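Contents: one structure, followed by commentary.
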Amino acid sequence: SREVFLAALRAEGVPPPEHKFAVRNSKRPFATDVFRGVAGAGAELVSAPATTAETRRVQPSMQGNVYLMLHGSDADGSAFWGEDAANGRLVEAVDVSCLPAKGRGVIFTGACWGALTVTRRASVQATDRPPQPKSPDQSIALTALRSGYCAFVGCTGSHYSPGGKQADTAGGPLHRLFWTQLAAGRSPAEALFLAKRDYAAKIPYRNDPIEEAIEQKILRQFTCLGLGW
């Protein structure tokens, strides 16, 4: 998309860490712990009960450091979901209409496939055909770049996140490390690089081959979209 490409090139750098905002899944309380360490002042929405209606109402807050810890889908990149703790049903918490027309800052998400910008994930993509890119209306990530955010950081595959209140397993430490590096004045691309370096140095967190496989996957699938510096 010419529009997304030019918007990404023209995006302003990382603004001063004055503002922050988050939307998290009610079943991922660890994200609150991570959000406390994000630079800036701001609020967190929890879904459920929050839906796209609530997120849209606070759209002006989606500037600066934005943290989204929700469910994502490889089939539909236009929305992220929370969960109703009472019945386990998915609740649409953020969609492309929630992002401001003019955005500024950095978005980091732990949503599965949150940074997947093609219509098929690699495991189901025909090898004799080129990948088909999504349009901005099909992707929160591309909508963010079109809006002017200087970086969208997320993963291209399924994400594994802690189920408790502490960000000390699976992808939790990488989330925290990224925001720490960004707060230290690193660009988003460099912050992700250094976060991966520090995350990799502590693998495995447990002496378990399945846990290590999960951590190796997390390490490799996070990417920084946009200019990033």
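Assorted remarks:
- Scan of the stretch 85-122 for residues that are touching a Leu at 6+ places or on another chain (Cβ under 8 Å) and either under 27 Å from Gly40 (Cα atoms) or charged (D, E, K, R) (or both), ordered by number: Ala93, Val94, Val106, Ile107, Phe108, Thr109, Gly110, Ala111, Gly114, Ala115
- Annotation: of all residues in the stretch 167-192 being in contact with a Gly (Cβ under 7 Å, 6 or more places away or on another chain) and open to solvent by 40 Å² or more (accessible area, probe 1.4 Å), the one that is farthest from Gln216 (Cα to Cα) is Thr180.
- Of the residues making up the stretch 82-119, those that are closer than 13 Å to Lys27 by Cα and open to solvent by 40 Å² or more (accessible area, probe 1.4 Å) are Asp84, Ala85, Ala86, Asn87, Arg89, Leu90.
- Identification of helices (runs of 4 or more DSSP H) wholly contained in the stretch 132-229 with 2 or more residues that are at pLDDT 95 or above and within 13 Å of the chain's Cα centre (by Cα) yields 140-147, 172-183, 188-201.
- Gln125, sole failed condition from (1) open to solvent by 10 Å² or more (accessible area, probe 1.4 Å); (2) modelled with pLDDT of 90 or more: (2)
- Of all residues in the stretch 193-229, those satisfying the criterion of being touching a residue at least 40 places away in the same chain (Cβ under 8 Å) and either of a type in the set (Val, Ile, Thr) or open to solvent by 60 Å² or more (accessible area, probe 1.4 Å) (or both) are Ile214, Lys217, Ile218, Thr223, Trp229.
The values are calculated or read from the model by the stated rules, or taken from the named source; none is laboratory data. Bear in mind the structure is a predicted one, so any value in this text is a computation, not a measurement. All Cβ positions, even for glycine, are placed from backbone atoms using ideal geometry, and neighbour counts span all protein chains on display. With ligands, DNA and RNA removed, areas are computed over all heavy atoms of the protein, side chains included. Shrake-Rupley method; radii C 1.70, N 1.55, O 1.52, S 1.80 Å.
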